Amino acid sequence: MPDLFRFDDAMEEYFSALPADLQDEILHSNLKIGCLADLIQTAEALTEQRNS
């Protein structure tokens, strides 16, 4: 995990449960993710984009 992302334990647990390709997409998205809610919203938005 790059230092750019300072995930707390809850964020790390959620992130680790995501599929590897979605993890990569989040890591390379350059989006600001500062809390668990941001991470969940980002993962859901990227998943929705993939499914449309």
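So that you can scan it fast, the table gives a plain yes or no per residue for (1) outside any helix (DSSP H, G or I); (2) without any contact (Cβ under 8 Å) to a residue 12 or more places away in the chain; (3) charged (D, E, K, R); (4) at positive phi:
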position	(1), (2), (3), (4)
10	no, no, no, no
14	no, no, no, no
22	no, no, no, no
26	no, no, no, no
29	yes, no, no, no
32	yes, yes, yes, no
38	no, yes, yes, no
Residues satisfying the stated conditions in segment 40-52, i.e. of a type outside the set (D, E, K, R) and assigned to a helix (DSSP H, G or I): 40, 41, 42, 43, 45, 46, 47, 49, 51
Any chance residue 43 is surrounded by fewer than 15 Cβ atoms within 10 Å (Cβ to Cβ) and modelled with pLDDT of 95 or more: no
The one condition in (1) in contact with a Gly (Cβ under 9 Å, 6 or more places away or on another chain); (2) charged (D, E, K, R); (3) surrounded by 14 or more Cβ atoms within 10 Å (Cβ to Cβ) that residue 12 fails to fulfil: (1)
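The values are calculated or read from the model by the stated rules, or taken from the named source; none is laboratory data. Computed from a prediction, not measured in an experiment: that's the story for all the values here. Here the Cβ is made from the backbone with ideal geometry for all residues, glycine too, and neighbour counts use every protein chain on show.
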